[in-house]
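The values are calculated or read from the model by the stated rules, or taken from the named source; none is laboratory data. This is a predicted model, so every value here is computed, not measured. When we count neighbours, we look across all protein chains shown, and the Cβ atoms used for this are built from the backbone with ideal geometry, even at glycine.
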Amino acid sequence: MKKFMLIVFAVAIAAAITYTAANGYTDEFIEKTQNAGLSAGVEKVEVYAKGLNEDYTYTSTGAFYVYGCKLSSAGIITANVDNILGTAVFYDRELALSDVLEAYGARSVIIQSAEDCINVYGYADGLGHGVEIDGKAINVQIVLKEGKTVVGCPLVMGSY
């Protein structure tokens with residue numbers, strides 16, 4: 001039940017974000033991922049957008065489209081899809097929180113434990129204002145679970 005509530009919470013926040021909050025910062029997030037020294041373990045990338053481009057593989061949540069791709073294709077998708085809401089990078093292993101924070105130049109702001117994961121909401125300079133949670137600016141979400149890590153900017157908007 002907690003996992004479902006976290007997903008509902010993330011989708012509700014995602015629906016409230018205007019695309020201008022993330023549109024200009026997604027490319028910087030992708031660039032940080034490529035330069036972070038962690039890119040070897042990237043399993044997939046999801047780009048969340050209000051804009052539809054049928055040239056790319058996508059699914060619809062009803063509130064926005066999710067474009068799944070490899071890290072090398074993410075910049076191409078963000079350049080050709082309008083109204084970007086954010087991006088998430090899925091790693092094929094559980095990374096140390098300190099390594100992720102350092103790689104993205106972020107600091108943790110809020111840490112929450114759930115049934116099977118830890119959610120860290122943080123802030124990284126250069127990635128835009130993002131969203132506010134409890135009156136605090138958040139532009140990076142890190143999800144640590146056994147065997148996997150997901151990093152989203154400003155939030156992970158899909159399931160993890």
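The set of residues in the range 134-160 being closer than 21 Å to TYR25 by Cα, small (Gly, Ala, Ser) and within 13 Å of the chain's Cα centre (by Cα) consists of GLY152, GLY158. One residue alone among GLU28, GLU54 is at pLDDT 85 or above, in a loop (DSSP other than H, G, I, E, B) and of a type in the set (Asp, Glu), and that residue is GLU54. Out of everything in the range 127-136 that is in contact with a strand residue (DSSP E or B) (Cβ under 9 Å, 6 or more places away or on another chain) and either outside any strand (DSSP E or B) or modelled with pLDDT of 95 or more (or both), what residue ends up being farthest from GLY105 (Cα to Cα)? Among them, the one singled out is ASP134. Do we find that THR87 is in a helix (DSSP H, G or I), under 20 Å from HIS129 (Cβ atoms) and not charged (D, E, K, R) in this structure? For THR87, the condition - in a helix (DSSP H, G or I), under 20 Å from HIS129 (Cβ atoms) and not charged (D, E, K, R) - is not met. Restricting attention to the range 90-107, the residues being part of a loop (DSSP other than H, G, I, E, B) and touching a residue at least 12 places away in the same chain (Cβ under 8 Å) number 5.
Every residue, every condition in (1) buried (at least 17 other Cβ atoms within 10 Å of the Cβ); (2) in contact with a helix residue (DSSP H, G or I) (Cβ under 7 Å, 6 or more places away or on another chain), yes or no:
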site	(1), (2)
LYS70	no, no
ASN80	no, no
VAL100	yes, no
VAL120	yes, yes
LYS136	no, no
ASN139	yes, no
LEU155	yes, yes
